[in-house]
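A short worksheet on the structure shown next.
The values are calculated or read from the model by the stated rules, or taken from the named source; none is laboratory data. Treat the numbers as computed from the prediction; the structure is a model and nothing was measured. With ideal geometry, Cβ positions are generated from the backbone for all residues, glycine too; neighbour counts draw on all protein chains shown.
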Amino acid sequence: MFTKILIANRGEIACRVIKTARRMGIKTVAVYSDADAEALHVLMADEKVCIGAAPAAESYLIADKIIEAAKETGAEAIHPGYGFLSENAAFCERLRAEGIAFIGPDVKAIGVMGDKIESKKFAAKAGVNTVPGSAEIITDADHAVKISATIGYPVMIKASAGGGGKGMRIARNDKEAAEGFASATSEAISSFGDHRVFIEKYIEQPRHIEIQVLGDRHGNVIYLGERECSIQRRHQKVIEEAPSPFIDADTRKKMGEQAVALSKEVDYCSAGTVEFIVDRARNFYFLEMNTRLQVEHPVTEMITGIDLVEQMIRVAAGETLALSQNDIKLNGWAIESRIYAEDPLRGFLPSVGRVVKYMPPEESDHIRVDTGIYEGSEISIHYDPMIAKLISYGETRDQAISHMRQGLDRFYIRGLSHNIAFLADVLNSPRFQSGDITTNYIAEEYAEGFAGGRVTAESRQIMIAVAQTVHAFECGRRAQISGKMDEDAPDYQDNWVITLDGENLTSSFFATEDGCAVLSGGETLNIVTDWLPGNPRFQGRINDTEVCVEVDKLSDGYLLTHSGVAEKVFVRTLREAELAALMPEKMPPDMSAFLLCPMPGLIMSIEVAEGDDVKAGQILCVVEAMKMENILRAEKDARIKKIPVKAGDSLAVDDIIIEFN
């Protein structure tokens, strides 16, 4: 067994590998860029080596620097995590030549499966079901239109070296095929340094289901069940679960056997994933094979009890799998939510900056948190915007959903925007809870975008109870500090006016033997809590239901967040409520004559000039953020008055790109 390994990655996956290595008694080496000098994975590792500047192309993607760091520290093996060099056959070959073990598959598997075009040909030859399409390399927009028309719309344009949703476009007509080719090619070059794209049939109402495989260097390969990854946005997975609520035992066995057969054909020897697209009749088609650990691997670990990172390390050290197919049992249900630094209220645009407050839920048998940050960490424009992965476990799917909802309620993050409210809204949806999901779920359920969580009657009562209790405790604290209660201040029992979602409600607060109670709308809400002023999470029980509500103090009220819904709530005396009703509403400035940068990013191109007349839908510019290209279009017909920026400029959120007449 190895005594020291280097992790050629960063963030939560580097921390994840370090945890297993530490448990196995293996020392670890972290590599880091200038931007990651104080990152969590660097602090966790036994040793650390700086490998360059912040951009990945100048640090994490340079094989020579990784190998030099391994030699310098005496690391016998390298775990690549995912992304970066994890599926780079040349890097794997270099390590073999240097006598450094690669904790992953051999060059053959990486080379064949790492190329989507070649892997599709190989899978078809191996007898694996494949999606109809063309394996031709698309040379230009006209070629893309021709091939798309031959296959039949809709089609998917995909980068051959792609992954993570980058370099992928859906086209439903000739115009979209031409535009999609240009965008996919450009994104493929910037993300993978490989311009090649191909086209295949897009399966309508598809489910994205993948099979986890595990193989050793002695010819043994097994599958560890499936994961459903259908909740996606722009082909980027958002919520995953294991097992799938759609797959039956017979389909699982067939998919698993095909995944194993493909793995054996390429002499696969590590943890890997064979991904399939499944239609409504449970027909399944090979999508790709990821020859590395997947972001969503924790859900498989939760239901099988198998540490996949440990198995990867043992296989790389030459050990034989200690597991057979008959040993694999799927117990319970697990769900993973990816928590990203992005603003779902602004089209999920990336959010960067410092994490001012970070309080994850406490880990338990039902909750796991994989993260690479801590309070004070910086989310950079240079890397993936993931903050953490929240994983829940239950004996049933309903229990796993319940634990996930509670975990999201307890995840307190401040300093930048995040998608927890959106995740909670999905988990609260009856459609999701029924298991009726496809890869089109987000597009169908949020066709007009995400406008915030929906207040339920239950959430409303919880917020009323919490607001009144918090205010009463705050009044009590002020009385303790002053040494006496103001003679004109109302007693707790007096009527208060609670303003929630524009509606005024009267409320009273009472102390009880085991806690307190709030009387509002003729209903008594009994509360038991140990909350103290200043705590940003109100935890306790309301009418015997366990709740957690985030509490942010405003100048004249509270911002309460529960079940994905954030509401401003005000608790006032009758006189204060009368005066508040007379206050004029402050209106935001009119910025309709400007195109504002919707995210921190780099101006890749400006497609118009000052004085141009533009039509609604016309492309104005392209902004790159987090390695994703975002095309900004005109919302209405207009004339360009001024363009104060140029290609190559780095902009912050709401910086002016174009001014219209």
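A few comments on the model shown:
- Test: residue in the range 413-436 that is touching a Cys at 6+ places or on another chain (Cβ under 9 Å), buried (at least 16 other Cβ atoms within 10 Å of the Cβ) and outside the structural domain of Pro598 (by TED's automatic domain parsing): no
- Residue that is modelled with the lowest pLDDT, among those in the range 450-477 that are among the hydroxyl-bearing types (Ser, Thr, Tyr) and buried (at least 19 other Cβ atoms within 10 Å of the Cβ): Ser459
- Filter result for Ser230 (under 25 Å from the mean Cα position of the chain (by Cα), farther than 30 Å from Gly318 by Cα and at pLDDT below 95): no
- Residue match in the range 37-44 (condition: outside any helix (DSSP H, G or I) and crowded, with 19+ Cβ neighbours inside 10 Å): yes
- Restricting the first member to the range 167-185 and to residues that are in contact (Cβ under 8 Å) with a residue 40 or more places away in the chain, and the second to residues that are crowded, with 16+ Cβ neighbours inside 10 Å and assigned to a helix (DSSP H, G or I), the beta-carbon pairs closer than 6 Å and six or more apart or on different chains are Phe181/Ala141; Phe181/Ala144.
- Filtered residue count, the range 429-452, keeping only those that are in contact (Cβ under 8 Å) with a residue 24 or more places away in the chain and more than 18 Å from the chain's Cα centre (by Cα): 3
- Flag for Arg541 being charged (D, E, K, R) and closer than 18 Å to Glu362 by Cα: yes
- Given (1) at pLDDT 90 or above; (2) out of contact with any Ser or Thr (no Cβ under 9 Å at 6 or more places or on another chain); (3) part of a loop (DSSP other than H, G, I, E, B), number of the condition Ile138 does not satisfy: (2)
- Filtered residues of the range 385-427 (kept if touching a helix residue (DSSP H, G or I) at 6+ places or on another chain (Cβ under 7 Å) and part of a loop (DSSP other than H, G, I, E, B)): Phe411, Asn419
- Boolean, Tyr383 is in contact (Cβ under 8 Å) with a residue 24 or more places away in the chain, under 30 Å from Met628 (Cβ atoms), aromatic (Phe, Trp, Tyr) and buried (at least 17 other Cβ atoms within 10 Å of the Cβ): yes
Conditions tested, residue by residue: (1) farther than 20 Å from Gln258 by Cα; (2) in a loop (DSSP other than H, G, I, E, B).
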position	(1), (2)
Gly111	no, no
Ala124	no, no
His143	yes, no
Ser160	yes, no
Ile170	yes, no
Ser183	yes, no
Asp194	yes, yes
Leu214	no, no
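- Residues satisfying the criterion are absent from the range 316-334 (criterion: β-branched (Val, Ile, Thr) and surrounded by 21 or more Cβ atoms within 10 Å (Cβ to Cβ)).
- Residue within the range 72-86 that is part of a helix (DSSP H, G or I), touching a Leu at 6+ places or on another chain (Cβ under 8 Å) and not basic (Lys, Arg) present: yes
- Sole residue being polar (S, T, N, Q), buried (at least 22 other Cβ atoms within 10 Å of the Cβ) and assigned to a loop (DSSP other than H, G, I, E, B), chosen from Ser263, Ser244: Ser244
For (1) under 25 Å from Ala652 (Cβ atoms); (2) at pLDDT 95 or above, each residue gets a yes or a no:
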| site | (1), (2) |
| --- | --- |
| Pro360 | no, yes |
| Ile367 | no, yes |
| Thr371 | no, yes |
| Ile379 | yes, no |
| Asp409 | no, yes |
| Arg414 | yes, yes |
| Ser417 | yes, no |
| Val426 | no, yes |
| Ile437 | no, yes |
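- Flag if Glu187 is in a helix (DSSP H, G or I) and surrounded by fewer than 20 Cβ atoms within 10 Å (Cβ to Cβ): no
- For the range 350-376, the set of residues classified as buried (at least 19 other Cβ atoms within 10 Å of the Cβ) and outside any strand (DSSP E or B) consists of Ser351, Val352, Val355, Pro360, Pro361, His366, Gly372, Ile373, listed by residue number.
- Residues that are more than 23 Å from Ser417 (Cα to Cα) and surrounded by 10 or more Cβ atoms within 10 Å (Cβ to Cβ), drawn from the range 578-591: Glu578, Leu579, Ala580, Ala581
- Selection of the range 92-107 for residues being among the basic types (Lys, Arg) and crowded, with 16+ Cβ neighbours inside 10 Å yields only Arg94.
- Screening Phe286 on (1) crowded, with 24+ Cβ neighbours inside 10 Å; (2) among the hydrophobic types (A, V, I, L, M, F, W, C); (3) under 26 Å from the mean Cα position of the chain (by Cα) shows it passes everything except condition (1).
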